[in-house]
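Student: Quick one: structure below, then a few questions.
The values are calculated or read from the model by the stated rules, or taken from the named source; none is laboratory data. Since the structure is predicted, the reported quantities are computational estimates derived from the model, not experimental observations. We place every Cβ from the backbone using ideal geometry, glycine too, and count neighbours over all the protein chains shown. All accessible areas refer to the heavy atoms of the entire protein, side chains included, with ligands and DNA or RNA removed. Shrake-Rupley method; radii C 1.70, N 1.55, O 1.52, S 1.80 Å.
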Amino acid sequence: MKAVVMKKVGGTDVMEFVDRPDPVVMPGHAVVEVAAAGVNFMDIGVRQGMAWTEMPNPKILGVEGAGRVLSVGNGVDGFAVGDRVAWVYAPGSYAQRHSILADSLVKIPDAIDDRTAASVMMQGLTASHFATDFYPVQPEDIALVHAAAGGLGLLLTQIIKLRGGRVIGRVSSEDKIAAAKEAGADHVVVDTGGQFAEDVLHLTGGEGVNVVYDGSGPKTFQGSLDSLRRSGTFCWYGPVLGGPGPLDIMSLPKSIKIGYAIFFDHIHTPELFRARVQRLFGWIEDGSLTLKIGGVYALAEAARAHTDMESRATTGKLLLIA
């Protein structure tokens, strides 16, 4: 089979499209023919040496996707050859075939195609965690969503709106305004230098927002603090771009609450994982949630997909087609 590996830590030049042995089914696993694999900032972080450092190189990149079951191992219940399935956090997904722990699989409804299913797994579960668990958005709450035209930002905006909240979206360029508004953003602020807080405060009558979802790295941290109202919540994510540095908790303003949100806390059992995914699938089926696929690449073009994502010029979800 073909797969995309990283030879060593580095830029996109360390990625190679190579032949690898077909996976052998193991107990508790299913071997899946990959139809589509999602591209995430996490994959870039792995390539840059920020994660999976315990795994030897060369290693296959990617963590999510959708496809069809080819074989099932001993001890696997609920899945059969031919089932259409999607998965999240199964390292090695940039490949034509993959052996995946059955607990990481969920069946795809007939009404949802493979590309849509692959697009909603990691980013959809993350957005769901942010808006329903980490900070359960209430009607009339105002949220500031960074990177509002990205795959995660578009889903997060829609889920906030489903819960009756209002959204101020921050984007990096004028050409991303339309995508953010189409997802439901009530206002969109264009900013590249972290100078957005004044606009946010103006839009909220000087009050600030109830919650900020910020995965844009250190340059936006102070602006996000300044955008919060008293007792507001700061949801920090996105380790690829780095953290804000050491914090003096006694210097935090306005009685705010700040935390680092990890989607695994949303799906820490197989039952929760499948329940959360089925909720996402239900929203897609009834038209409440729309996926925007911003780029489709052949598996061999994975390095170009990484380059495009790092450029911040893309909107929506990027997929590799195996």
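Okay, residues lined up against (1) at pLDDT 95 or above; (2) in contact with a Leu (Cβ under 6 Å, 6 or more places away or on another chain); (3) over 30 Å from D199 (Cα atoms); (4) aliphatic (A, V, I, L, M):
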site	(1), (2), (3), (4)
A35	yes, no, yes, yes
D43	yes, yes, yes, no
P56	yes, no, yes, no
D77	no, no, yes, no
S93	yes, no, yes, no
H98	yes, no, yes, no
D113	yes, no, yes, no
V137	yes, no, no, yes
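Student: Quick one: Q195 ticks every box in (1) touching a residue at least 12 places away in the same chain (Cβ under 8 Å); (2) under 22 Å from the mean Cα position of the chain (by Cα) bar one, so which box is it?
Tutor: With (1) touching a residue at least 12 places away in the same chain (Cβ under 8 Å); (2) under 22 Å from the mean Cα position of the chain (by Cα) applied to Q195, the lone miss is (2).
Student: Take the stretch 3-21 and flag every residue that is touching a strand residue (DSSP E or B) at 6+ places or on another chain (Cβ under 6 Å) and closer than 30 Å to N74 by Cα.
Tutor: Across the stretch 3-21, the qualifying residues are A3, V4, V5, V18, R20.
Student: Counting just the residues of the stretch 263-288 that are free of Cβ contacts under 8 Å to residues at least 60 places away in the same chain and surrounded by 12 or more Cβ atoms within 10 Å (Cβ to Cβ), which one comes out farthest from S104 (Cα to Cα)?
Tutor: Filtering the stretch 263-288 for residues that are free of Cβ contacts under 8 Å to residues at least 60 places away in the same chain and surrounded by 12 or more Cβ atoms within 10 Å (Cβ to Cβ), the one farthest from S104 (Cα to Cα) comes out as G282.
Student: Something else: Pairs only if they're at least six apart or on different chains, beta carbon under 6 angstrom, first in the stretch 17-43 and within 18 Å of M1 (Cα to Cα), second of a type in the set (F, W, Y) and crowded, with 24+ Cβ neighbours inside 10 Å; list them, first residue then second.
Tutor: Hits for this filter: A37/Y94.
Student: Please find, within the stretch 100-141, the residue that is farthest from A90 (Cα to Cα) out of those that are open to solvent by less than 10 Å² (accessible area, probe 1.4 Å) and part of a loop (DSSP other than H, G, I, E, B).
Tutor: V137
Student: How about the stretch 229-244: which of its residues are open to solvent by 40 Å² or more (accessible area, probe 1.4 Å) and either in a strand (DSSP E or B) or farther than 19 Å from M121 by Cβ (or both)?
Tutor: R229, R230, S231, L241, G243, P244 - these are the residues of the stretch 229-244 that are open to solvent by 40 Å² or more (accessible area, probe 1.4 Å) and either in a strand (DSSP E or B) or farther than 19 Å from M121 by Cβ (or both).
Student: On the basis of being open to solvent by less than 50 Å² (accessible area, probe 1.4 Å) and touching an Asp or Glu at 6+ places or on another chain (Cβ under 8 Å), does I60 make the cut?
Tutor: Working: open to solvent by less than 50 Å² (accessible area, probe 1.4 Å): yes; touching an Asp or Glu at 6+ places or on another chain (Cβ under 8 Å): no.
So I60 fails the test.
Student: On to the next question. Out of the residues in the stretch 159-177 that are in contact with a strand residue (DSSP E or B) (Cβ under 9 Å, 6 or more places away or on another chain) and more than 18 Å from G232 (Cβ to Cβ), which is most open to solvent (accessible area, probe 1.4 Å)?
Tutor: So, considering only residues that are in contact with a strand residue (DSSP E or B) (Cβ under 9 Å, 6 or more places away or on another chain) and more than 18 Å from G232 (Cβ to Cβ), the one most open to solvent (accessible area, probe 1.4 Å) is E174.
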